[in-house]
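The numbers here are math on the coordinates, done by the rules we state, and not lab data. Everything quoted here is computed from the prediction, not taken from an experiment. Cβ placement follows ideal geometry from the backbone for every residue including glycine, while neighbour counts extend to all protein chains displayed.
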Amino acid sequence: MRYVDYNKWLKSLGAGFGTFKMSSTEKRLPGVGKSGERSLAAKSPCTIVLFGATGDLTRRKLMPALYSLACQGLLPDNYAIVAFARKPKDDIQFRADVKNAILQFAPTLKVYTACWEKFSDRLFYHQGNLDNQDDFNGLRVKLEDLNDQFNLGSNRLFYLATPPEQFSEI
């Protein structure tokens, strides 16, 4: 059995969160209520930037997981998800691809709901190459525009769904 100080860990993330229930295998630490509940619903607005966003990891795991979090109310009220990849697409095509991926890889999630409408309205695509500085400049402009549009406070999370040898370029 291991001891986990979730308060310390969550505070290190720098964001406020909604409710989390400890598993039965974890011992309660001082300061944890009898129910073992923690706050996990994200409150700080943010932009999630996915590099390598048209790959298999994003289709099979990331987008279904992010959609599930959105439907459970575990993403902030103000958020945007920006996909960065080489394939030529626009926002509408990317949203259709994400919907198809959720239907294929997470068939228990319903995509014809109000949750899908809000989630898909927050999905954006930016086509670019990792070795082209102009593409990164275009991404910066897009992020600034979305920040202004959704009042995101320049809070960003970058996820690299790319091969490790490309990390240094990003």
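Here are the numbers for the structure shown:
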quantity	calculated
14 Å Cα-Cα reach of residue 61 towards aspartates and glutamates, excluding residues that sit fewer than 8 places from it in its own chain	97
Neighbour net charge for residue 162 - beta-carbon separation under 13 angstrom, K R +1, D E -1	-3
Bins of 10 Å from zero: percent of alpha-carbon pairs in the stretch 49-170	13, 46, 34, 7, 0
Normalised convex hull volume, the stretch 76-143, alpha-carbon set, Å³ per residue	99 Å³
Cα→Cβ-extended label distance, 7 Å offset, between residue 168 and residue 110, nm	5.0 nm
Sequence ranges 149-160, 79-90, ranked by mean other-Cβ count within 10 angstrom, highest first	79-90, 149-160
